[in-house]
Each structure stands twice: as structure tokens, then as C-alpha cells.
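**Student:** Structure provided below as C-alpha cells; questions to follow.
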Amino acid sequence: MSVSLFPKKITTASMGFTTRQLEVVAEENQPKAVPVLRVWGIISSKSAGHSQFGTFLKFTGEIAAQNLINGEEARSQALILPSCAETVVTSLFDQAAKDDSTAQIALEVTVSFNNSAKGGTKFAYGVKPLIDYKGEDALAEMAKKLPAPKFLTAVPEIKKNSKK
């Protein structure tokens, strides 16, 4: 697919998503989380910002994205993600920054139906990494120090259902 958008920054809004559209997609596909935006690239820096919606992180580098509803693809040197995806990219970038390096990212932003009585949008964002990330983080190091887990023996009914 050819690149059709060159926004100042890649965001869900600059990729053509409206709140109502994401609510409909989430509702029609419940209870599953559905990928709506694919993002990949090389992150070289991050900086904090503030808008009417609160604080956010802006990542910079060479970034591409694709709207998984209409197929449009974009390229930009800036990226602002929903907070759940922001956390994943921040972790990768911080690990890479220790080595004075850049972070390669590839992920999908998902939406799932959220009919909260508290109001707000009727969807929740999620994130699905698309590549295995190499490197050791604090949790991986900690897991190495734990005793080996003892797995339960599967119950026959579970075995039958898992062979579908």
C-alpha cells in the first residue's frame, strides 16, 4: 500500500479515527479486542507534553502507521499513543536509551467494548505487540531468580475444549 498521509504527528485522530467510529467498532466486535491501528518504526527520543486531555508523551523518530479500517498509511517523525501503548513504547525506549540506542517498535492499538455506567467513551484502548522484544527488563531478571513453576495437570474437559 502506498503512503497517503504525512501528518505532523501520528495520533488516532490524525489517522482518521473518531470516538463514535471506535465505539461502533468495539460494540460490533464485543467481547473481543479488535486492532484498529498498526504502528511501527524507530524511536529516537521522547518528551512530555500537556493538552486539554492531560499529559502525554510524544515520541520522535521514523514512524509509520496504518489505519486497519480504511487501509490508509501514514509517515511522520512524531507519535502520540493512547496511554496503554505509551507505556509499552516508553519501556522499550528506556531500555534502549541505556545503551545510547534507538528502540524499534511494532504494535497494534486495539479497542474493546466498555459500557461503563460512569460515562465516557464506550470503548477502551489496548495494545498488542507485534514483535518479540529482546533484552532484559527488571521482571525478566526477577523471573530468573524464582523457582521453576509447577503446572497443573489439565482436567479432561479442558483438554477436549483446547483441541478445537
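The values are calculated or read from the model by the stated rules, or taken from the named source; none is laboratory data. Nothing here was measured: the structure is a model prediction, and the numbers come from that model. For neighbour counting, all protein chains shown are included, and Cβ atoms are generated from backbone atoms with ideal geometry for every residue, glycine included.
**Student:** Under the condition of being of a type outside the set (D, E, K, R) and free of Cβ contacts under 8 Å to residues at least 40 places away in the same chain, which residue from region 97-114 is surrounded by the fewest Cβ atoms within 10 Å (Cβ to Cβ)? It would help to see each step written out before you state the result.
**Tutor:** From region 97-114, those of a type outside the set (D, E, K, R) are 97, 101-107, 109-114; that's our starting set.
After this cut, where a residue has to be free of Cβ contacts under 8 Å to residues at least 40 places away in the same chain as well, the list is 97, 101.
Details: Ala97: 15, Ser101: 12.
That would be Ser101.
**Student:** Residues in region 1-47 that are small (Gly, Ala, Ser) and over 30 Å from Lys98 (Cβ atoms): how many? Before the answer, list the steps.
**Tutor:** Kept after step one, since they are small (Gly, Ala, Ser), are these residues of region 1-47: 2, 4, 13-14, 16, 26, 33, 41, 44-45, 47.
Right, trim to over 30 Å from Lys98 (Cβ atoms) and you get 2, 4, 13-14, 16, 26, 33.
Number of matching residues: 7.
**Student:** Look at Leu92 and say whether it is touching a helix residue (DSSP H, G or I) at 6+ places or on another chain (Cβ under 9 Å) and either among the hydrophobic types (A, V, I, L, M, F, W, C) or surrounded by fewer than 18 Cβ atoms within 10 Å (Cβ to Cβ) (or both).
**Tutor:** Numbers: touching a helix residue (DSSP H, G or I) at 6+ places or on another chain (Cβ under 9 Å): no; either among the hydrophobic types (A, V, I, L, M, F, W, C) or surrounded by fewer than 18 Cβ atoms within 10 Å (Cβ to Cβ) (or both): yes.
The answer is no for Leu92.
**Student:** Identify all residues within region 57-68 that are without any contact (Cβ under 8 Å) to a residue 40 or more places away in the chain and not aromatic (Phe, Trp, Tyr); write none if there are none.
**Tutor:** Going through region 57-68, the residues without any contact (Cβ under 8 Å) to a residue 40 or more places away in the chain turn out to be 57, 59-60, 62.
Result: Leu57, Thr60, Glu62.
Rundown of residues vs (1) touching a Lys or Arg at 6+ places or on another chain (Cβ under 9 Å); (2) farther than 19 Å from Ala124 by Cα; (3) free of Cβ contacts under 8 Å to residues at least 60 places away in the same chain, yes/no style:
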position	(1), (2), (3)
Ala26	yes, no, no
Gln30	no, no, no
Leu37	no, no, no
Ile43	no, yes, no
Gly49	yes, yes, yes
Ile80	yes, no, no
Thr90	yes, yes, yes
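**Student:** Of everything in region 41-68, what is modelled with pLDDT of 95 or more and assigned to a loop (DSSP other than H, G, I, E, B)? Give them in sequence order.
**Tutor:** Leu68
**Student:** Taking Leu79 as meeting all but one of (1) at pLDDT 95 or above; (2) surrounded by fewer than 19 Cβ atoms within 10 Å (Cβ to Cβ), write down the number of the exception.
**Tutor:** For Leu79, the exception is condition (2).
**Student:** Can you tell which of Gly71, Gly120, Gly126, Gly54 is touching a residue at least 60 places away in the same chain (Cβ under 8 Å) and on the phi > 0 side of the Ramachandran plot?
**Tutor:** Values: Gly120 fails: touching a residue at least 60 places away in the same chain (Cβ under 8 Å); Gly126 fails: on the phi > 0 side of the Ramachandran plot; Gly54 fails: touching a residue at least 60 places away in the same chain (Cβ under 8 Å).
Criteria check complete, one pass: Gly71.
**Student:** Only one of these is within 13 Å of the chain's Cα centre (by Cα) and either at pLDDT 95 or above or in a loop (DSSP other than H, G, I, E, B) (or both): Thr87, Thr12. Name it.
**Tutor:** On the way: Thr87 fails: either at pLDDT 95 or above or in a loop (DSSP other than H, G, I, E, B) (or both).
Only one candidate passes the filter, namely Thr12.
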